[in-house]
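Engineer: My questions will all concern the structure given below.
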Protein chains: 2
Amino acid sequence: METVLINGSWRASQSTGSFQATNPTTGDLISTLFPVSSWADVDEALDAAHAAFVALRSVSVEQLASFLETFADLIQADKETLVKLAHEETGLPVTPRLGDVELPRTVNQLKLAAEAARSGSWALPVIDTKANIRACYQSIGPVCVFGPNNFPFAFNSLAGGDFAAAIAAGNPVIGKANSSHPGTTKRFAELASQAIEKTGMPKGLVQLIYRTSHADGERLVGDARLAAIGYTGSRNAGLALKAIADKVGKPFYAELSSVNPVVFLPGSLKERGPALVEEYVTSGLMGAGQFCTNPGMLLLVESAEANAFIDGVVTKYQAAAPGTLLSKSVETSLGKSVELLTKAGASLLSGGSKQPGGRCAFANTVLKISGAQFLSDPHVFQTEAFGNAVLIVVCKSLDELVSSLKHLEGNLTGCIYSAKDGSDDSMYPAVASELAHRVGRLLNDKMPTGVAVSPAMNHGGPFPATGHAGFTAVGIPASMIRFAKLTCFDAVRPERLPDLLQDSNPRKAWRNVDGVWTNA
Amino acid sequence: METVLINGSWRASQSTGSFQATNPTTGDLISTLFPVSSWADVDEALDAAHAAFVALRSVSVEQLASFLETFADLIQADKETLVKLAHEETGLPVTPRLGDVELPRTVNQLKLAAEAARSGSWALPVIDTKANIRACYQSIGPVCVFGPNNFPFAFNSLAGGDFAAAIAAGNPVIGKANSSHPGTTKRFAELASQAIEKTGMPKGLVQLIYRTSHADGERLVGDARLAAIGYTGSRNAGLALKAIADKVGKPFYAELSSVNPVVFLPGSLKERGPALVEEYVTSGLMGAGQFCTNPGMLLLVESAEANAFIDGVVTKYQAAAPGTLLSKSVETSLGKSVELLTKAGASLLSGGSKQPGGRCAFANTVLKISGAQFLSDPHVFQTEAFGNAVLIVVCKSLDELVSSLKHLEGNLTGCIYSAKDGSDDSMYPAVASELAHRVGRLLNDKMPTGVAVSPAMNHGGPFPATGHAGFTAVGIPASMIRFAKLTCFDAVRPERLPDLLQDSNPRKAWRNVDGVWTNA
């Protein structure tokens, strides 16, 4: 059985059982056994994380940045092993996806995080020289990251966005491996251990647990030694954990579900229908639709062009080979969602059933409803069908479409396609104002699947897309604020101030001094 | 019976009962009857708030700022009436407190909020020109403010800090009047109505309800038409409402309780003991101790100077006339807390009982425990005794004091007094690092009761001081972020961008453009 990483040691888990991951390309179990940790493992990890947090007070920002960079370099050098492990556990293509896109992105995120930690500007220092009051964000304490199944590198509990943000903000991380890729996560933990040794960081800075019982998971989240949680995963499990954290006023940054509505205004389809079919299908089937920002709901106004668009999508969905899904559980849950939608009255235009054979796969699926159907039960028709399925809502009129938007839950993204000749411009404001209020990111004439690592990115949005619409999970430095607390220093003697708040600004951070932003 | 303000009309409440406020100076009921609203009132207010939120989309920032300024001017002009009403309902002194301090502060906050709305810099615009991704904070939707009893002006549901922040960020406000000063709150609503008419704002921008049943209050908080809540008040009521909001992922900004620990390091007492007695007592008894940031727990290391300090405090507490408390309910709850603390083993050095007569008042109270006692039950000894009572913790050693700090819950503030000659400097880091992690604001050689309205202020802190340690309730513009959502605009056509994100920067807001802060 594989070992866990607790307090700097790889040691046998005090386990209550074991589990295995599945190779989704074959449907076969992978032989490696991973432990289900007991509370004893978790308890030790929490103690070590707390000790690491205290030890971090005497670690310089330069050392922290150097840890992140060393870890990034080790990942880069280990590319072949990581890609092989992740492909076996997730079925995601070795190239370009894992090796050429996701791994470089992961390395880049860690390096950007290092740079952000070094500069300090992420902490938004504010200085009122007249009142001698100074404030900035500071580390919050040990963070537990529950990573998702769909990005074994870029959102991995021990290498991805939440990890990079939490560490760069000065916090130890306990990684809870996603059960569909424990081997990949273990490899990251091994590289992180090496980086810890090389850079002399506290040994509890990075720890790894694979799985616990639900009860121990809840106990972990509620434990006073843990300061915050980053969670990306299923809505039900997330809400159960969130309730525990909420009760003790602990930040629980959750990404729970999103159908990512896309509105095609009439002029856009008239102007470039076939191109939009192509653009949509590429995005919709990318990674077998297993993106948090997958465009899962299309809204159109009925017309000949709308029909042609739908026919085009159906043709392409039928022609494309269904991609491999991440796990049996994704396949099963996709089947359930599609069944729920059809039972509620959606017409099945294509697909609708699992693919034969052992491989985890589901036929590319297109569902259709009218705007009236949507309005009759907006809740059920917003059921997320995570994977290669889409629901097309055909509205009678633009008014009906706008009414439909008013019933949308919070989403990560919302897209509006409109004609380039301005013929949709009069409709845009009504659509955009309803949509923008309900999404974290509004796009024009662009699919939502790409989530650039930009300081201006918002990978967030109103509930249930996330638990708080004021924060982003992607985009360094903004994502770091989640794992920080605001601390104000009132009349604190100059030599006792954190360097970010000292008059001399030794790190040349951007600071708001008496209302003016300056890095002097 | 007084009327409610719903959708721009002063009309009779569809009430389920009535209540009266008490004049705490005499203990007599004030004759005016205020309604307890039924769900019908709340439901109408929510509809009107939602309509106002939609209407606000076509209101200019200039108009919004002008509303805030007009309201501020009307308050200034109405000073005499407001001060008279508030004095009758709260017992707070007409001068200097209400007329010369709190009213000017309230007017100033509204004007600062107007200025912040106008500039737009509060929204922290971030622009990535290369990727053409742009983000900023935007209004979130209707906000309900539950104001506290202790600041009838500066934290009033319809004129105070939360109100100013929510409106300036572009949101309508439903004010739930604090039941101890409904008349004052009604007067603010009248002035706000006048300002709405004068500046042509949507009529549902500001609405007033006095009280509801607990069940209707919870229904209000959970209602989908409401976007966020600002709550300052009792811990139990706040936690019940917070649980409802958390369940639907809605921000609930709560200020719940805080004992505001003050550490006097040995050298400070040696150097200037008598002066510190004076400084502490002034702060501790200010407003009869009814400040959120009242220094309710003092931590000392045992010594002759510590004993002299305690004797000095007791003497002054006994000599000072007990101030009037805000209500019978404050008096009762203070009595209960003191009883709980003494039952747990605290020695009563002074006070401990309510004052005779009808006036709401309690003897100035000093309680003492040892560090060992604190460590034996840190939970019970952190019971907030809101009012003119203080708990002094006398530790055997600095180590014991630092251990005690490790058991502190989250607090709004934490103070450290140390000698000016440097003799305490070696002890400072251990004390400060434990304290700073657990408070929103760390002070040196200064009492916490003053909460300056500064952009660098943090009136916040870890749970249970507040519900999220990343936000402040005081300090414009920072407090506005609470009532906003982050929205990203990805490839949105230039003419469709909010003005804050347009290349031309028409409002000359401070923005982070490609990593550089600029207002060009």
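Engineer: Taking the residues in segment A:113-154 that are β-branched (V, I, T) and farther than 22 Å from A:R496 by Cβ as candidates, determine which candidate is farthest from the other protein chains (Cβ to nearest Cβ).
Structural biologist: Across segment A:113-154, the extreme among qualifying residues is A:V145.
Engineer: Of the residues A:A224, A:A254, which single one is within 13 Å of another protein chain (Cβ to nearest Cβ), touching a Lys or Arg at 6+ places or on another chain (Cβ under 7 Å) and not in a helix (DSSP H, G or I)?
Structural biologist: Unique residue meeting the criteria: A:A254.
Engineer: Do you know which residues across segment B:419-429 are at the interface with chain A (Cβ under 10 Å from one of its Cβ atoms), in contact (Cβ under 8 Å) with a residue 24 or more places away in the chain and under 24 Å from B:K406 (Cβ atoms)?
Structural biologist: Answer for segment B:419-429, where residues must be at the interface with chain A (Cβ under 10 Å from one of its Cβ atoms), in contact (Cβ under 8 Å) with a residue 24 or more places away in the chain and under 24 Å from B:K406 (Cβ atoms): just B:Y428.
Engineer: For the structure I just gave you, tell me whether B:L298 is more than 14 Å from every other protein chain (Cβ to nearest Cβ), touching a Gly at 6+ places or on another chain (Cβ under 9 Å) and in a strand (DSSP E or B).
Structural biologist: The answer is yes for B:L298.
Engineer: Looking at A:S504 and the list (1) part of a loop (DSSP other than H, G, I, E, B); (2) in contact with a helix residue (DSSP H, G or I) (Cβ under 8 Å, 6 or more places away or on another chain); (3) more than 30 Å from A:L299 (Cβ to Cβ), which single condition is not satisfied?
Structural biologist: (2)
Engineer: Kindly evaluate B:V439 against the criterion of being surrounded by 21 or more Cβ atoms within 10 Å (Cβ to Cβ), in the same structural domain as B:G296 (by TED's automatic domain parsing) and of a type in the set (A, V, I, L, M).
Structural biologist: Answer is yes for this residue.
Engineer: Going by what's in this entry, would B:V474 be described as in the same structural domain as B:V101 (by TED's automatic domain parsing), in a loop (DSSP other than H, G, I, E, B) and touching a Ser or Thr at 6+ places or on another chain (Cβ under 9 Å)?
Structural biologist: yes
Engineer: Restricting attention to segment A:470-479, which residues are more than 8 Å from chain B (Cβ to nearest Cβ) and of a type in the set (S, T, Y)?
Structural biologist: A:S479
Engineer: Does B:L412 meet the test of being more than 9 Å from chain A (Cβ to nearest Cβ), of a type in the set (A, V, I, L, M, F, W, C) and under 28 Å from B:Y231 (Cβ atoms)?
Structural biologist: yes
Engineer: Take segment A:302-338 and flag every residue that is of a type in the set (D, E) and surrounded by 15 or more Cβ atoms within 10 Å (Cβ to Cβ).
Structural biologist: Across segment A:302-338, the qualifying residues are A:E302, A:E305, A:E331.
Engineer: Would you be able to tell me the number of residues in segment B:480-515 that are over 22 Å from A:A473 (Cβ atoms) and at the interface with another protein chain (Cβ under 8 Å from one of its Cβ atoms)?
Structural biologist: Number of matching residues: 3.
Engineer: Filter segment B:227-251 down to the residues that are among the polar types (S, T, N, Q) and more than 17 Å from B:F471 (Cα to Cα), then identify the one that is nearest to the other protein chains (Cβ to nearest Cβ).
Structural biologist: Among them, the one singled out is B:N236.
Engineer: Being more than 30 Å from B:E44 (Cβ to Cβ) and either in contact (Cβ under 8 Å) with a residue 40 or more places away in the chain or touching a Pro at 6+ places or on another chain (Cβ under 9 Å) (or both) is true for just one of B:G289, B:G249, B:G233, B:G273. Which residue is that?
Structural biologist: Of B:G289, B:G249, B:G233, B:G273, the one residue that is more than 30 Å from B:E44 (Cβ to Cβ) and either in contact (Cβ under 8 Å) with a residue 40 or more places away in the chain or touching a Pro at 6+ places or on another chain (Cβ under 9 Å) (or both) is B:G289.
Engineer: Could you please let me know if B:I244 is surrounded by fewer than 23 Cβ atoms within 10 Å (Cβ to Cβ) and either modelled with pLDDT of 95 or more or not in a helix (DSSP H, G or I) (or both)?
Structural biologist: yes
Engineer: Select from segment A:438-455 the residues that are under 21 Å from B:D514 (Cα atoms), out of contact with any helix residue (DSSP H, G or I) (no Cβ under 8 Å at 6 or more places or on another chain) and either β-branched (V, I, T) or facing chain B (nearest Cβ under 7 Å) (or both) and list them in ascending order.
Structural biologist: If the condition is that a residue be under 21 Å from B:D514 (Cα atoms), out of contact with any helix residue (DSSP H, G or I) (no Cβ under 8 Å at 6 or more places or on another chain) and either β-branched (V, I, T) or facing chain B (nearest Cβ under 7 Å) (or both), then A:G440, A:R441, A:L443, A:V451, A:A452, A:S454 are the ones that fit.
Listed here are the residues, each with its yes/no results for (1) outside the structural domain of A:L300 (by TED's automatic domain parsing); (2) surrounded by fewer than 19 Cβ atoms within 10 Å (Cβ to Cβ); (3) closer than 22 Å to A:M286 by Cα.
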residue	(1), (2), (3)
A:L348	no, yes, yes
A:F362	no, no, yes
A:E384	no, no, yes
A:I392	no, no, yes
A:S403	no, yes, no
A:I416	no, no, yes
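Engineer: So A:I127 ticks every box in (1) in contact (Cβ under 8 Å) with a residue 40 or more places away in the chain; (2) assigned to a helix (DSSP H, G or I) but one. Which box is left unticked?
Structural biologist: In the conditions (1) in contact (Cβ under 8 Å) with a residue 40 or more places away in the chain; (2) assigned to a helix (DSSP H, G or I), A:I127 misses (2) alone.
Engineer: Within segment A:456-469, how many residues turn out to be at the interface with another protein chain (Cβ under 7 Å from one of its Cβ atoms) and buried (at least 24 other Cβ atoms within 10 Å of the Cβ)?
Structural biologist: 7
Engineer: Further question: Can you spot a residue in segment A:38-50 that is within 14 Å of chain B (Cβ to nearest Cβ), of a type in the set (F, W, Y), in a helix (DSSP H, G or I) and in contact (Cβ under 8 Å) with a residue 40 or more places away in the chain?
Structural biologist: Checking segment A:38-50: not a single residue is within 14 Å of chain B (Cβ to nearest Cβ), of a type in the set (F, W, Y), in a helix (DSSP H, G or I) and in contact (Cβ under 8 Å) with a residue 40 or more places away in the chain.
The values are calculated or read from the model by the stated rules, or taken from the named source; none is laboratory data. Values in this document were obtained by computation on a predicted structure and should not be read as measured data. Reconstructed Cβ throughout: ideal geometry from the backbone, glycine too, with neighbour counts over all protein chains shown.
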